[in-house]
Amino acid sequence: MNKKLIFSLFMLLAVTTIAFAQTKEELQAEKAVKQAEADKFQGEANALQAKIDALPGWRKGAFGTIGGSLSNFNDWYSQGAPNNSSGNIGITFNAFANKIEEKYFWRNSLTTNLGWVKLDNKDDATDSEDFNATTDVFNISSLYGRNISKTWAISGLAEYRTTIIDNFNDPGFLDVGVGATWTPIENLIVVIHPLNYNFVFADNDAAFESSAGAKIVADYTRQIGAINFKSNFSTFQSYEDSDLSNFTWTNSFSYTLWKMIGVGFDFALRSNKQEAANAQLVPLKDADNKLQSYYTVGLSYKF
């Protein structure tokens, strides 16, 4: 009886070993088959989503970047201020709501970039413990157009940009104009408005002045799988004085790593001589109009 039991256990062990003794190559081959099936279904799902996106109606989306760090030092004598606390926080948010119909479109977008920083020397009683605003960008736009062909439309644009943490609407820039919008490829919008007025709101009338001019905007916004990308170039060219012209170019990128969380990068350039004159407290003609820039790197969250 014992021999039969031992023989049965031996056979069971042998069968189990044979059943589960798959080689690494066999497992990789099986994985490749499953991956091919998954890619096929993903391709079909992407094709269906493309058809859904092509239907008339609203398209909405948002993504952002959060970056920051905090530190605290006590009796760290190797540095100039052995007792200090420091930190920086940066937040970027991009959102859009577009209504696309056969005969018309209505595109709305919002871009914000806010940043705070502090460096508190605890041994200096006059040193501030507060976070101070460093980056302060707010831009909102609304574009309406009536299609006259597959790629061209007669359009009207309103775009407003200012700061919201400090000096709200001082300055504030509001562009209102009409002209044409060109959509040569999907996700790319080019606005060409030769009839535009740039309203400037500010307490310092010596540095800021409203004027008529041309407005040009190019916007490319796209999502490819886990990647979100947005690039926007907006410029106003004054007919009255080149010193009243300005441009802003913003870029936002985020890559989702896990669920809704990923990494993000934002970068922008701006040229505005009126803002330079206001900051330098000099007449407009004497301002040193250096190229403005900022960037933010950190965690991103896909809404």
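Points to keep in mind about this one:
- Counting only residues that are without any contact (Cβ under 8 Å) to a residue 12 or more places away in the chain and either touching a strand residue (DSSP E or B) at 6+ places or on another chain (Cβ under 6 Å) or buried (at least 18 other Cβ atoms within 10 Å of the Cβ) (or both), the range 106-128 holds 1 of them.
- Scanning the range 238-248 for residues that are in contact with a Lys or Arg (Cβ under 8 Å, 6 or more places away or on another chain) and assigned to a strand (DSSP E or B) yields a total of 3.
- Count of the range 230-261 residues which are surrounded by fewer than 17 Cβ atoms within 10 Å (Cβ to Cβ), hydrophobic (A, V, I, L, M, F, W, C) and in contact (Cβ under 8 Å) with a residue 24 or more places away in the chain: 4
- Where A212 falls short, out of the listed (1) buried (at least 16 other Cβ atoms within 10 Å of the Cβ); (2) under 20 Å from A180 (Cβ atoms): (1)
- Just one of the numbered conditions (1) touching a residue at least 40 places away in the same chain (Cβ under 8 Å); (2) aliphatic (A, V, I, L, M); (3) surrounded by 15 or more Cβ atoms within 10 Å (Cβ to Cβ); (4) in contact with an Asp or Glu (Cβ under 8 Å, 6 or more places away or on another chain) is not true of L143: (4).
- Of the residues making up the range 185-218, those that are in contact (Cβ under 8 Å) with a residue 12 or more places away in the chain, out of contact with any strand residue (DSSP E or B) (no Cβ under 7 Å at 6 or more places or on another chain) and farther than 18 Å from S242 by Cα number 3.
- Criterion violated by N169 - all others in (1) within 27 Å of V117 (Cβ to Cβ); (2) in a strand (DSSP E or B) satisfied: (2)
- Of the candidates A125, A97, the single residue that is more than 30 Å from W58 (Cβ to Cβ) and small (G, A, S) is A125.
- Inter-residue pairs, beta-carbon under 8 Å, first on the phi > 0 side of the Ramachandran plot and in the range 281-293, second of a type in the set (D, E), 6+ apart: none
- Any chance L110 is under 24 Å from S293 (Cβ atoms) and assigned to a strand (DSSP E or B): yes
- For the range 154-181, the candidate set comprises residues that are of a type in the set (D, E) and surrounded by 15 or more Cβ atoms within 10 Å (Cβ to Cβ); within that set, the residue that is nearest to S245 (Cα to Cα) is D175.
- Hits in the range 134-166 (condition: part of a strand (DSSP E or B) and of a type in the set (S, T, N, Q)): T134, T135, N139, S141, S142, N147, S155, T162
- Checked against the criterion of being closer than 30 Å to T256 by Cβ, touching a Leu at 6+ places or on another chain (Cβ under 6 Å) and assigned by TED's automatic domain parsing to the domain that holds G156, the candidates G68, G87, G115 yield just one match: G87.
The values are calculated or read from the model by the stated rules, or taken from the named source; none is laboratory data. The model shown is predicted, which means the values in this text are computed figures rather than measured ones. Glycine gets a Cβ as well: all are built from the backbone with ideal geometry, and neighbour counts include every protein chain shown.
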